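J.: I have a structure I would like to understand better, so I am pasting it below and will then ask my questions one at a time.
The values are calculated or read from the model by the stated rules, or taken from the named source; none is laboratory data. Keep in mind that this is a model prediction, so the values were computed, not measured. In this analysis, Cβ positions are derived from the backbone assuming ideal geometry, glycine residues included, and neighbour counts consider all displayed protein chains.
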Amino acid sequence: SFGDYFKAGAIEYAWELLTSPESAGGLGFAERDLWVTVYEDDDEAAGLWKRIAGLPEERIQRFGKEDNYWSTGQPGPAGPCSEIYFDRGPAYGPDGGPAVDDSRFTEIWNLVF
């Protein structure tokens, strides 16, 4: 993590901001419209998404280094990341999450661990 927080805290803050109603200072996304991806072997992040956000296994997808590992391309900070996607609905493409269609499922947040 960058700074003084850990995966659980980052996930809690992101989920709270995204799903809290606008009247409470959040962005008001419906939980049913959000999917996440985690780095392929990051079992900790996958478990935290289940526990904190209550996401079912099928809405947590695992991607490799090309998609879910953040780096500047230079020596220095780098690490696995977790991305949050918004489902724009069936009019924009097939079901199945970001692994199936990146037009229907649009990335809205990247948490770097």
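J.: Can you find even one residue in the stretch 69-77 that is among the hydrophobic types (A, V, I, L, M, F, W, C) and modelled with pLDDT of 95 or more?
T.: Taking the stretch 69-77 as the starting set, the residues that turn out to be among the hydrophobic types (A, V, I, L, M, F, W, C) are 70.
In the following step, the residues that additionally are modelled with pLDDT of 95 or more were identified as none.
Checked the stretch 69-77: no residue is among the hydrophobic types (A, V, I, L, M, F, W, C) and modelled with pLDDT of 95 or more.
J.: When the residues of the stretch 84-113 are filtered to those that are acidic (Asp, Glu) and loosely packed, with under 14 Cβ neighbours inside 10 Å, which remaining residue is nearest to PHE6 (Cα to Cα)?
T.: In this case the residue turns out to be ASP102.
J.: Among residues belonging to the stretch 14-30 that are touching a Leu at 6+ places or on another chain (Cβ under 9 Å) and under 22 Å from ASP101 (Cα atoms), point out the one that is surrounded by the most Cβ atoms within 10 Å (Cβ to Cβ).
T.: LEU18
J.: Checking the structure you have, find out if any residue of the stretch 37-58 is among the basic types (Lys, Arg) and touching a Phe, Trp or Tyr at 6+ places or on another chain (Cβ under 7 Å).
T.: For the stretch 37-58, residues among the basic types (Lys, Arg) and touching a Phe, Trp or Tyr at 6+ places or on another chain (Cβ under 7 Å): absent.
J.: Okay, moving on. From the list GLU58, GLU44, GLU66, which one is within 17 Å of GLU107 (Cβ to Cβ) and of a type in the set (D, E, K, R)?
T.: GLU66 is the lone residue from the list that is within 17 Å of GLU107 (Cβ to Cβ) and of a type in the set (D, E, K, R).
J.: Can you tell me which of (1) out of contact with any Lys or Arg (no Cβ under 9 Å at 6 or more places or on another chain); (2) surrounded by fewer than 18 Cβ atoms within 10 Å (Cβ to Cβ) is the one ASP33 doesn't meet?
T.: Of everything listed in (1) out of contact with any Lys or Arg (no Cβ under 9 Å at 6 or more places or on another chain); (2) surrounded by fewer than 18 Cβ atoms within 10 Å (Cβ to Cβ), ASP33 misses just condition (1).
J.: Looking only at residues that are surrounded by fewer than 15 Cβ atoms within 10 Å (Cβ to Cβ) and in contact (Cβ under 8 Å) with a residue 24 or more places away in the chain in the stretch 73-83, which one is nearest to ILE60 (Cα to Cα)?
T.: Checking each candidate, the answer is GLY79.
J.: Among ILE52, ILE11, ILE60, which is in contact (Cβ under 8 Å) with a residue 60 or more places away in the chain and either surrounded by 12 or more Cβ atoms within 10 Å (Cβ to Cβ) or aliphatic (A, V, I, L, M) (or both)?
T.: Selected residue: ILE11, the only one of ILE52, ILE11, ILE60 that is in contact (Cβ under 8 Å) with a residue 60 or more places away in the chain and either surrounded by 12 or more Cβ atoms within 10 Å (Cβ to Cβ) or aliphatic (A, V, I, L, M) (or both).
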